[in-house]
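Please read the structure below before turning to the comments.
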Amino acid sequence: MSVDTGQSRRKINPDLEQLAHLQKIDQETARKTDLKDNALPAEIEGLRVSYENARERLKKFDDELSAINKQRKELELKVEETRDSIAKAKQKLPGVKTNVEYRAILKEQDNFEKKIVLMEDEQLELMESIDTKSGERKQLEKSESEEKQKFEVNKKEKEEAMGELGERLAELSAQRDEIITAISPGVYANYSKVSRQRSGVGVAEIVDQSCRACFQLIPPQLDVLIRTTGEIYQCPHCDRYLYHVPEESETS
Ligand SMILES: [Zn+2]
């Protein structure tokens, strides 16, 4: 049962009607501005950093790989040099006069051979490492290209969304400018002040005899005044302008 039986004709303050509308615009504006200027750019930046990291990992890996390849080439060169040294030592053999000299050359040769064996072992290890790494590289390459794709696709989508938000914000701003002209300057100034002080909300609905913004109870006599007079009132607790949305039984 409605408590307003017999009061089907309600007076609604015109400023209040505009304020409720303005409040919706301001809230949508705040949400969309935040999305456009903060949330979406932060998401794009996050994806950019992920892609950048994947690219860095691949680059670091390639640097390591080319360092190993360089090492392998140097080693190859050293093996060749050592083989040359062995060949030169062999050339000396026919001209050798003494046993001591002969043994010295053989020993030198033997040392060179041992050196080559060690270097070849090292080469083998490097080759194995290069083999393993080329498998790992495929993974890194895949991850890099996935991150790149994700970043580029998302960036495009989000930038489009930001563009649409910008258009909507321009619409809202135009609507706002129009509404403001229809509100009494004093009421608008008050609304703006309270809205700035109270997280962007300057007008609140009364639900179950409470202010929906600060959740405090409204004195019953004030509630009646808001329902029945065409005046505009502020919440005694939070200073927001209060309005009452008629129940269906009241409007019919
Ligand atoms: Zn309140």
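Tabulated data for the structure shown
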| quantity | calculated |
| --- | --- |
| Unique match (being within 23 Å of Gln139 (Cα to Cα) and in a helix (DSSP H, G or I)) among Leu65, Leu35, Leu40 | Leu65 |
| Single match in Ile68, Ile86 (criterion: within 23 Å of Phe112 (Cα to Cα) and of a type in the set (A, V, I, L, M, F, W, C)) | Ile86 |
| Selection count, the stretch 198-217, where residues are more than 9 Å from the ligand (Cβ to nearest atom), without any contact (Cβ under 8 Å) to a residue 12 or more places away in the chain and either surrounded by 12 or more Cβ atoms within 10 Å (Cβ to Cβ) or not in a loop (DSSP other than H, G, I, E, B) (or both) | 2 |
| Check on Lys155, among the basic types (Lys, Arg), surrounded by 17 or more Cβ atoms within 10 Å (Cβ to Cβ), within 26 Å of Thr33 (Cα to Cα) and away from the ligand (no atom under 13 Å from the Cβ) | yes |
| Residue, modelled with the lowest pLDDT, within the stretch 218-252, restricted to residues that are crowded, with 16+ Cβ neighbours inside 10 Å and part of a helix (DSSP H, G or I) | Glu250 |
| Where a residue in the stretch 129-140 is closer than 16 Å to Arg72 by Cβ and its partner, wherever it lies, is among the basic types (Lys, Arg), with Cβ under 8 Å and at least six apart | Ile130/Arg72 |
| The stretch 218-241: number of residues that are in contact with an Asp or Glu (Cβ under 9 Å, 6 or more places away or on another chain) and away from the ligand (no atom under 12 Å from the Cβ) | 4 |
| Criterion: in contact with a Phe, Trp or Tyr (Cβ under 9 Å, 6 or more places away or on another chain) and among the charged types (D, E, K, R) - qualifying residue of Glu147, Glu128 | Glu147 |
| Leading residue by the ranking (farthest from Ser50 (Cα to Cα)) among those in the stretch 151-184 that are touching a residue at least 40 places away in the same chain (Cβ under 8 Å) and over 30 Å from the mean Cα position of the chain (by Cα) | Ser184 |
| Residue tally, condition surrounded by 14 or more Cβ atoms within 10 Å (Cβ to Cβ), more than 14 Å from the ligand (Cβ to nearest atom) and under 33 Å from the mean Cα position of the chain (by Cα), over the stretch 185-197 | 1 |
| Counted residues, the stretch 11-55 - those being within 30 Å of Arg227 (Cβ to Cβ) and among the aliphatic types (A, V, I, L, M) | 7 |
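The values are calculated or read from the model by the stated rules, or taken from the named source; none is laboratory data. Everything quoted here is computed from the prediction, not taken from an experiment. No Cβ is skipped: glycine too gets one built from the backbone with ideal geometry, and neighbour counts run over all protein chains shown.
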